[in-house]
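Chemist: Have a look at the structure that comes next, please.
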Amino acid sequence: MGTQARFLFCWLCLQVIFATVLSDVWKAEVVSEMKALVSSCVVVPCKFQYPGRQLPDSRIRGIWHKKDKKENIYHQDPVEIADSFKGRTRLLGHLGEKNCTLELDKVKDHDNDPFCFRAEIPDLDKYSFVQSCVTLSMMPDPENPQLEKKELLEEGVFASFKCSIRHTCPSHPPTITWSHSNSKAIVNNRDILNGNWEVDSLLAFIPTEDDDLKDLTCTVSFHGGKSSTATTRLHVKRKTNFFHIIIPVVAVLGTSLLFGGVCYIMRKKYRRQIQDLQSRNANGIWSRMSRMSQRFRSRRRNETDLRMATKHNNY
Ligand SMILES: *[C@@H]1O[C@H](CO)[C@@H](O)[C@H](O)[C@H]1NC(C)=O
């Protein structure tokens, strides 16, 4: 083998090594398919690799474009963005941190195209296409949330309800409200991978008699104005207690005990006076009665005297 041939061989080897190393370094990971709610937003998670040490965000140019047409849907220079996407796209990730996460807002029903990420490092004159694309499947209307509860509720016993919904818009997560007033809910927004998120709201309250046969509704309001609901009817089992018997009985017993006690004390305290009063009263009555009987007797006597006199006169 001549020197020239050897040199050519080495050069080819180097080419192959460089190409594999570079292609290995320049790569991106994008979820291949995601659901998107029309009018809301969708956040496409994206990670990528670039060669060399970490660079500041400003040194890297991140571009999102349609796969088939040369049409940018995101570019740091707004002039480069297709009109139908102007003002609707935003890079949420920091490119320096190898994060190319994209937000597409005000989703339209024809935003399905495969969208691909491309990174450029202009000043280093290194430039690469990374074809990692996502296709959006459109949901014209939101799904209804899931409402979990216990079948039978018991009056006075803490009950909890869970309303949950999946979504792909974590930058403006949906809000969940409940029809049950004066109760607080705990909200949780979870990443369930591949760009899917789940928001749930935990409502806890103590059911009362009034809640029986009432409807409990959870309403999910999505970014962009759409909403969906789930409703359940509450069945509250009355608490088996004897309060409605115990309370009046206790009240009656208490009152009579109190009354009896007061009477006893009064009687003890005023016994002497009462006795005096009683005897005085008895004397009074007795004397009045004896006076009356005296008067009566004397009147009878007068009458007999009179009758006797008339008898004598007739005689
Ligand atoms: C990328 O950025 C998004 C938006 O700021 C963030 O939610 C996500 O956690 C980041 N991903 C990684 C792998 O750091």
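The values are calculated or read from the model by the stated rules, or taken from the named source; none is laboratory data. This structure is a prediction, so every number in the text was calculated from the model and none was measured. Cβ sites come from the backbone with ideal geometry, for glycine too, and all protein chains shown count toward neighbours. Surface areas here come from the heavy atoms of the whole protein model, side chains and all, with no ligands, DNA or RNA. Shrake-Rupley method; radii C 1.70, N 1.55, O 1.52, S 1.80 Å.
Chemist: Only one of these is among the aromatic types (Phe, Trp, Tyr), at pLDDT 90 or above and either assigned by TED's automatic domain parsing to the domain that holds Gly62 or within 14 Å of the ligand (Cβ to nearest atom) (or both): Phe117, Phe129. Name it.
Modeler: Matching residue, one of Phe117, Phe129: Phe117.
Chemist: Kindly provide the set of residues from the stretch 52-65 that are at negative phi and open to solvent by 20 Å² or more (accessible area, probe 1.4 Å), ordered by number.
Modeler: Result: Arg53, Gln54, Pro56, Asp57, Ser58, Arg59, Arg61.
Chemist: What do you reckon, is Val43 assigned to a loop (DSSP other than H, G, I, E, B), touching a strand residue (DSSP E or B) at 6+ places or on another chain (Cβ under 6 Å) and either open to solvent by 90 Å² or more (accessible area, probe 1.4 Å) or of a type in the set (Val, Ile, Thr) (or both)?
Modeler: The answer is no for Val43.
Chemist: Something else about it: Being in contact (Cβ under 8 Å) with a residue 24 or more places away in the chain and hydrophobic (A, V, I, L, M, F, W, C) is true for just one of Val79, Val157. Which residue is that? Walk me through how you get there before you give the answer.
Modeler: Details: Val79 fails: in contact (Cβ under 8 Å) with a residue 24 or more places away in the chain.
That would be Val157, the only listed residue that is in contact (Cβ under 8 Å) with a residue 24 or more places away in the chain and hydrophobic (A, V, I, L, M, F, W, C).
Chemist: What pairs come out if I take residues in the stretch 186-204 that are at positive phi and pair them with residues that are within 13 Å of the ligand (Cβ to nearest atom) whose C-beta lies under 7 Å away, six or more apart or interchain?
Modeler: Asn194/Val31; Gly195/Val31; Gly195/Val43; Gly195/Val44; Gly195/Pro45; Gly195/Thr168
Chemist: I've got another one for you. Looking for whichever is open to solvent by less than 20 Å² (accessible area, probe 1.4 Å), under 37 Å from the mean Cα position of the chain (by Cα) and under 30 Å from Lys237 (Cα atoms) here; the options are Leu147, Leu153. Which one fits?
Modeler: Residue meeting the stated conditions: Leu153.
Chemist: For Ala230, state whether it is at pLDDT below 95 and assigned to a strand (DSSP E or B). Write out each step before concluding.
Modeler: Details: at pLDDT below 95: no; assigned to a strand (DSSP E or B): yes.
Criteria not met by Ala230.
Chemist: Specify the residue that is nearest to Pro142 (Cα to Cα); the eligible residues are those in the stretch 43-62 that are touching a residue at least 60 places away in the same chain (Cβ under 8 Å) and within 13 Å of the ligand (Cβ to nearest atom). Steps first, answer last, please.
Modeler: First pass over the stretch 43-62, keeping only residues touching a residue at least 60 places away in the same chain (Cβ under 8 Å): 43-46, 48, 50-52, 55, 59-61.
Still in the list and also within 13 Å of the ligand (Cβ to nearest atom): 43-46, 48.
Numbers: Val43: 16, Val44: 18, Pro45: 21, Cys46: 24, Phe48: 31 Å.
Top of the filtered list is Val43.
Chemist: Kindly indicate the residue of the stretch 189-213 that is away from the ligand (no atom under 16 Å from the Cβ) and loosely packed, with under 15 Cβ neighbours inside 10 Å and also nearest to Lys47 (Cα to Cα) among those meeting that condition. Before the answer, list the steps.
Modeler: Keep residues of the stretch 189-213 that are away from the ligand (no atom under 16 Å from the Cβ), which gives 200-213.
Going one step further and asking which of them are loosely packed, with under 15 Cβ neighbours inside 10 Å, we end up with 204, 206, 208-210, 213.
Details: Ala204: 39, Ile206: 46, Thr208: 51, Glu209: 54, Asp210: 53, Leu213: 51 Å.
Out of the qualifying residues, it is Ala204.
Chemist: Enumerate the strands (runs of 3 or more DSSP E) found wholly within the stretch 73-139, keeping only those where 2 or more residues are surrounded by fewer than 20 Cβ atoms within 10 Å (Cβ to Cβ) and of a type outside the set (D, E, K, R).
Modeler: Working: elements: 89-91, 102-104, 115-121, 126-128, 133-139.
By residue number, 126-128, 133-139.
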